[in-house]
Amino acid sequence: MSTWCCIVIMISTISTGVLLPMPQNKEKKETYDRHYWYSQAEHTLQKRLQYAPEKNPIAKNIILVVGDGMSLTTSTAARILKGQRIGQFGEDTDLAWDTFPAVALAKTYNIDAQTGESSACATALLCGVKAHYETLGLDAGGKFNNCASAINSKVTSLIDWAHSAGKSSGIVTTARVTHATPAALYAHAPSRYWEDDSRVSPTVRRECKDIALQLVENEPGRSINVIMGGGRRHFLPTVTLDPENPKREGRRLDGRNLAEDWVREKRKRLLRAQYITSKEQLHKIDPRNIDYLLGLFEYSHLNFNVDRGTVINSEDETGTSSTKKIDDPSLADMTRTALSIIKKNEKGFFLFIEGGKIDHAHHYNNPYRALDETLELETALLAALERVNIAETLIVVTADHGHVMTFGGQRTPRGHPILGADVEVSDIDGLRYTTLLYGNGPGHSEPRSLPVNVTNSFSSPDALHESAVPKQWATHGGEDVPIYALGPMATILFTGVVEQSYIPHAIAYAACLAHQSRRCLITNYTEPKIKSQSCTSSEISSFSAEETSSERTRSRSLVVASSVMSDERINQSSGRYHTMSCHFVYYITLFCINWFSNIMSNG
C-alpha cells in the first residue's frame, strides 16, 4: 500500500510541475543605453528581413536628406504650393520623394521627452541611439550640461561607419555646421549649445571640447571631406572681424582661428584642401584639384532662400545696424559641388543634406518660408538624383521632428491658395481663418482678427499665421515623421512604424557598414530563417550589438527565438524555462519507471 501511495504522490508532483507556469523573472527597468537601442534596431531589422529575397543588393553610396522640422503636414502643403506656383491646382502634384517606392514612419520622442528636440533626435537619427533632451552624440549616460557624464557616453555615427569602410563623406546644410542636427555626425557634447568655447565652463574646456573644435581636431570631423553651411562665428576668435560683416567679431575665447587651423592641418598631411566663404568662391572650385573643402558662408545660419539676392538691414549684438546683400549659395549649389568631390572615391560616399531653415520658419509661424525651404530641399535632392546611379545609391529622406502647423478647412475648393483663408467663416465669431494654422507661437491675438484682403496678405513671405496659444516661438510637434527611401533594399528596410534610432542601423545594413558589415562577408548573405520547436532548445540566431572596434565597448547580443514576434521588446527567458520544464519531466518520469520496475521485479 505504501508503495502505491508513493507512486501517486510522485505522479502528482510531476503533473503539478508541468501544469503550473514556471516562475518568471520580474521585469527589470530598462537602462536605455546604447546596447538597448542597438538590440532593438537589430530585432526590427530581422523582422523586415524575413521578407527579403535571397539576393540582396548592396548600397555603395548613401545620401541622407533631412528636412529639419519637415512634418507630414509641411510636406503636403509644400506639394500643393509647388503645383500652384506653376498654375496647377496643386493637390495632385508630386514632390520628388513622393515617387519613392518605400515609405515608413519614425517615432521622434527622446529618452526623457515626449516631444523631440533637435540634438537628441539627431543623435537617434544619425547615431542609432536615443538620447536625453539637448545632448549631442551621447547615449543615455550623457546628462545635459554635465561634462563628466559625456566621457563614457560617446557613440559613433553614420560618418564614423562610412569612414571605417573607406568611403568619403560630406555635410551640406543651410544651418550652422555646428548646429544641433549636423553636429551629431561628428561631435559629442552634453549641451548642444557648446558650439564654441565661450559657452563651455572654463573648468571643463580641456575635458569637453566645444563642437567646432571637435570638428577640426577630432575624428571623424577632421576626416570629413566636404563641410558646407553657416556658422563662421564659432570658428573665429573675438579679435577677428567677420569677412562679410565687418562690424561683427568671432566668438572664440581661445584666440584660435579654426578655419585657418583646419587648412593648416590638412596641408600638413599633404591633403588638397581649401576654405571658402562666398558663392563666387564656390563656383570656382575645381573638384579635380580639391579633396577637402570647408565652406562657411554666413556669420550664423544661412539666410532663407526667398531672401537670397536681396539687400537687407542687419543688426549685431551691440545694436549697430548695417546693410548687406544676401548672396549665399543655394542648398542645390552646395550639393552639386559636394558630390563632384566625394564621388571620386571608388569605395563610395556618405552625403548628409539638411534643409535646416524649415524649422526656423515654423518657429516664427511663417509657413511661406517653411514651404519655400521645403521646395529648396527638393531642388537639392533633384540635383543629387541627376548625379548618382540609383542602382548603387540608397537615398533616404526624413525629418528629425515635426511642428505644430495644421492644415484644414470647411468646403475649401480644389486649387484654393494654400497660404490663403478658408471660404467659410467661423460659426463662433464670424471671422475667416487661414487653412494653415499653428497650435502655439507668435500670431495669437485676442480678439481674433484677420486682414480684409486675406489672400494677398498671407501670400507675403513675412506673413505670420494665427496660433491658438501665444508664445514667443512655436514649439516642435510630437507626431511621427515620414521616411521616404529609394535604392538598394529600400522597400525591405523602410516599412511600417519604427523607432527613429532604427534608421541608421537600416542604412548600415544596406551598405554593409560597421556592425552590419558581416552581410558582405558572405556572397548574397541572407539571415537564417528562425523557427521554434517544443521541448527542445529553441533554434537561435545570435546577432552582435557591438559598435565599431574603435569605441571598444562591451557588446550585448540579441537572441531571437521566434520569427514572429508582435512586441519589439524580446522576452528571452520564457523559452529557457520551457526547455528546463521539459527536461525535468523527462528525467523524473524515467526515474519513476525504473524505480517502479525494480519494485515489481523484487516481488
**Request:** Please find, among Ser460, Ser449, Ser467, the residue that is of a type outside the set (Lys, Arg) and within 30 Å of Gln500 (Cβ to Cβ).
**Result:** Ser467
**Asked** Within segment 206-217, is even one residue charged (D, E, K, R) and closer than 18 Å to His360 by Cβ?
**Response** no
**Prompt:** Restricting attention to segment 270-281, and to residues there that are in contact with a helix residue (DSSP H, G or I) (Cβ under 9 Å, 6 or more places away or on another chain) and over 16 Å from Val172 (Cβ atoms), which single residue is least open to solvent (accessible area, probe 1.4 Å)?
**Reply:** Ala273
**Complete:** Residue hits (segment 120-149; closer than 17 Å to Lys209 by Cα and buried (at least 24 other Cβ atoms within 10 Å of the Cβ)) are Thr135, Leu136, Gly137, Leu138, Gly142
**Request:** Just need a number here: residues in segment 181-200 that are among the hydroxyl-bearing types (Ser, Thr, Tyr) and open to solvent by 10 Å² or more (accessible area, probe 1.4 Å).
**Result:** 2
**Asked** Does Arg387 satisfy the criteria of being open to solvent by 50 Å² or more (accessible area, probe 1.4 Å) and either modelled with pLDDT of 95 or more or aromatic (Phe, Trp, Tyr) (or both)?
**Response** yes
**Request:** Would you confirm whether any residue within segment 132-139 is touching a residue at least 40 places away in the same chain (Cβ under 8 Å) and touching a Pro at 6+ places or on another chain (Cβ under 6 Å)?
**Result:** yes
**Message:** Take residues that are of a type outside the set (Val, Ile, Thr) and more than 24 Å from Leu294 (Cα to Cα) and tell me which of the helices (runs of 4 or more DSSP H) falling wholly in segment 116-199 contain 3 or more.
**Reply:** 118-127, 147-150
**Complete:** Selection from segment 168-218 of residues within 20 Å of the chain's Cα centre (by Cα) and among the charged types (D, E, K, R) yields Arg176, Arg192, Glu195
**Asked** Looking only at segment 50-74, which residues are within 21 Å of Leu351 (Cβ to Cβ) and either assigned to a helix (DSSP H, G or I) or of a type in the set (Val, Ile, Thr) (or both)?
**Response** Ile58, Ile62, Ile63, Val65, Val66
**Prompt:** What are the pairs, 6+ residues apart or on separate chains, where a residue within segment 394-412 that is of a type in the set (Ser, Thr, Tyr) has its Cβ under 7 Å from a residue that is part of a loop (DSSP other than H, G, I, E, B) and open to solvent by 10 Å² or more (accessible area, probe 1.4 Å)?
**Reply:** Thr412/Val423
**Pairs, first without any contact (Cβ under 8 Å) to a residue 12 or more places away in the chain and surrounded by fewer than 17 Cβ atoms within 10 Å (Cβ to Cβ) in segment 239-266, second charged (D, E, K, R) and not in a helix (DSSP H, G or I), C-beta under 8 Å, six or more apart** = Leu241/Lys247; Leu241/Arg248; Leu241/Glu249
**Complete:** Listed by first then second residue, the pairs whose first member lies in segment 288-306 and is part of a strand (DSSP E or B), whose partner is open to solvent by 30 Å² or more (accessible area, probe 1.4 Å) and of a type outside the set (Ser, Thr, Tyr), with beta carbons under 8 Å and at least 6 positions apart or on separate chains, are Tyr292/Leu271; Tyr292/Arg272; Tyr292/Gln274; Leu293/Gln274; Leu294/Gln274; Gly295/Gln281
**Asked** In segment 37-51, is there at least one residue being over 24 Å from Trp473 (Cβ atoms) and without any contact (Cβ under 8 Å) to a residue 24 or more places away in the chain?
**Response** no
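The values are calculated or read from the model by the stated rules, or taken from the named source; none is laboratory data. None of these values were measured; they are calculated from a predicted model. As a convention, Cβ positions derive from the backbone with ideal geometry for all residues, glycine included, and neighbour counts pool all protein chains shown. Accessible surface areas use protein heavy atoms only, side chains included; no ligands, DNA or RNA. Shrake-Rupley method; radii C 1.70, N 1.55, O 1.52, S 1.80 Å.
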